[in-house]
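Trainee: Please find one structure pasted underneath; my questions will follow.
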């Protein structure tokens with residue numbers, strides 16, 4: 001097992017955010033996820049969305065590979081990678097139950113095989129798939145209960161989703177107001193019998209620039225959604241633009257002014273949730 005020393009190495013990120021990228025980000029979110037719940041006209045997005053804020057906290061980034069992971073072996077086999085979004089956990093008897101959403105990247109046929117594997121796994125209590133590459137799961141853990149309790153500690157905050165690569169490694173970024181819970185996590189994860197590889201990539205007190213939060217987005221009308229999806233898919237928000245309003249209006253089979261009205265109304269609903 002490989003374990004690195006604690007180092008105050010700092011991972012810097014670009015803070016450059018402009019209006020066009022914010023638009024594109026909002027539209028990408030709309031494109032990726034279809035609303036399945038509606039609360040008083042708001043679309044509850046089953047995805048994690050980025051808010052640009054600054055919070056000073058203890059930050060830990062580490063890379064790990066462990067033998068009891070139910071995902072890694074099949075991700076390696078099917079050449080897939082996953083962005084992993086923890087949603088919550090609870091204890092019941094001798095088990096820890098964890099909920100998460102995965103965004104899977106790879107060939108569609110391989111994603112299907114991966115989903116079928118998860119659906120048959122004895123530790124998967126509930127599973128749901130939507131838009132082919134989004135999978136939500138409720139999983140029960142027993143043998144290494146302490147390990148899962150430590151990483152799903154309610155004192156911890158997940159500023160970004162975890163990343164599981166095609167070689168079975170996981171990269172986690174975790175934050176906390178206090179240093180000790182992160183030190184405890186390092187101790188437990190590094191000494192676990194199931195840990196094959198563990199390396200600290202960063203452990204430092206820093207300002208977090210991007211924190212992923214569950215986000216409510218306003219519900220768009222069918223025409224507004226169609227207009228903004230056409231704009232996104234056809235490169236209207238790329239730089240340089242790959243299309244213009246005249247071409248997009250023809251694709252939607254409406255006049256230019258009508259198309260522009262639908263697009264502006266969609267942008268007007270989405271952008272306040274990105275900029276504010």
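Trainee: Please determine, by comparing only the residues of segment 57-73 that are more than 19 Å from the chain's Cα centre (by Cα) and either at pLDDT 95 or above or in a strand (DSSP E or B) (or both), which one is nearest to residue 198 (Cα to Cα).
Mentor: Initial filter on segment 57-73 (more than 19 Å from the chain's Cα centre (by Cα)): 57-58, 65-68, 73.
The next check asks that each one be either at pLDDT 95 or above or in a strand (DSSP E or B) (or both); those that pass are 57-58, 65-66.
Numbers: 57: 22, 58: 19, 65: 7, 66: 9 Å.
If we take residues in segment 57-73 being more than 19 Å from the chain's Cα centre (by Cα) and either at pLDDT 95 or above or in a strand (DSSP E or B) (or both), then 65 is nearest to residue 198 (Cα to Cα).
Trainee: Let me ask another. Within segment 135-147, take every residue that is touching a helix residue (DSSP H, G or I) at 6+ places or on another chain (Cβ under 8 Å) and assigned to a strand (DSSP E or B) and give me the one that is nearest to residue 78 (Cα to Cα). Don't jump to the end; show me each part of the working.
Mentor: If we filter segment 135-147 for residues that are touching a helix residue (DSSP H, G or I) at 6+ places or on another chain (Cβ under 8 Å), which is where we start, we get 135, 137, 141, 146-147.
Right, trim to assigned to a strand (DSSP E or B) and you get 135, 137, 141.
Details: 135: 16, 137: 19, 141: 24 Å.
That would be 135.
Trainee: In segment 105-125, how many are closer than 15 Å to residue 69 by Cβ and in a strand (DSSP E or B)?
Mentor: 1
Trainee: Tell me which residues, restricted to segment 176-199, are in contact with a helix residue (DSSP H, G or I) (Cβ under 8 Å, 6 or more places away or on another chain), surrounded by 16 or more Cβ atoms within 10 Å (Cβ to Cβ) and assigned to a helix (DSSP H, G or I).
Mentor: 185, 188, 189
Trainee: Of all the residues that make up segment 237-254, how many are over 25 Å from residue 272 (Cβ atoms), more than 30 Å from the chain's Cα centre (by Cα) and either in contact (Cβ under 8 Å) with a residue 24 or more places away in the chain or not in a helix (DSSP H, G or I) (or both)?
Mentor: The total comes to 3.
Trainee: Could you list all residues from segment 217-236 that are assigned to a loop (DSSP other than H, G, I, E, B) and within 22 Å of the chain's Cα centre (by Cα)?
Mentor: Selection gives 219 alone.
The values are calculated or read from the model by the stated rules, or taken from the named source; none is laboratory data. The model shown is predicted, which means the values in this text are computed figures rather than measured ones. Neighbour counts run over all protein chains shown; Cβ positions are idealised from the backbone, glycine included.
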